[in-house]
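Before any comments, here is the structure.
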Amino acid sequence: VAVVGTTEEGQVDSVDKIIRLREKLKDEGIYFYLHVDAAYGGYARSLFLNEAGEFVPYASLAEFFEEHHVFHHYVTIDKEVYEGFRAISEADSVTIDPHKMGYVPYAAGGIVIKHKNMRNIISYFAPYVFEKSVKAPDMLGAYILEGSKAGATAAAVWTAHRVLPLNVTG
């Protein structure tokens with residue numbers, strides 16, 4: 001588990017280095033699952049994204065931040081921190097909590113799993129709720145860690161993301 005944005009200090013693990021290690025070991029027949037805990041710091045990744053959702057090259061960050069009035073011109077982002085955020089997409093799964101930095105009330109949290117077959121690990125099919133003959137999209141609740149949750153939370157996250165885009169303008 002790599003952490004991107006610890007709650008107390010905001011520390012960002014070197015996700016990129018962990019990914020490189022995983023690739024090196026994969027060549028030797030060893031593989032490990034990488035989960036990124038970005039519950040607190042995940043939303044900070046949007047600072048590095050332009051309006052098209054593309055990562056801004058590190059060499060252009062200072063100018064990009066100045067153009068969008070993100071940081072004072074004396075503030076710089078360490079390249080290791082930048083690379084850690086950039087590598088999040090290479091993880092097998094990522095958690096993020098919109099109630100921490102996403103302007104959404106408590107209870108909003110999510111996990112993104114890259115490989116669809118992994119959802120079977122967290123699924124639960126309560127026989128009184130789900131029929132085996134029902135197709136997967138109709139059984140969304142079976143793939144939610146809590147089993148069920150209020151729709152208002154999802155609506156709040158959706159609305160916040162429309163009002164404040166997940167890029168430097170948000």
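Read the figures in this text as sums done on the coordinates, not as results from a lab. The model shown is predicted, which means the values in this text are computed figures rather than measured ones. Note that each Cβ is placed from the backbone with ideal geometry, even for glycine, and that neighbours are counted across all protein chains shown.
How large is the charge dipole for the chain, taken about the Cα centre, if only the Cβ atoms of Lys, Arg (+1) and Asp, Glu (-1) carry charge, to the nearest 20 debye?
Details: 16 positive and 22 negative charges, 151 e Å.
Magnitude of the dipole: close to 720 debye.
Could you work out the relative contact order of the chain, using alpha carbon pairs under 8 angstrom and six or more residues apart, expressed as a whole percent?
Working: 220 pairs, mean separation 43.8, N = 170.
Worked out over the chain, it gives 26 percent.
Once you put a point 7 Å from the Cα of Met118 and another 7 Å from the Cα of Tyr58, both along the Cβ direction, what distance in nm separates them?
2.5
Extent of the chain along each principal axis, from alpha carbon coordinates, in Å, largest to smallest?
So the three principal-axis extents are 59, 46, 31 Å.
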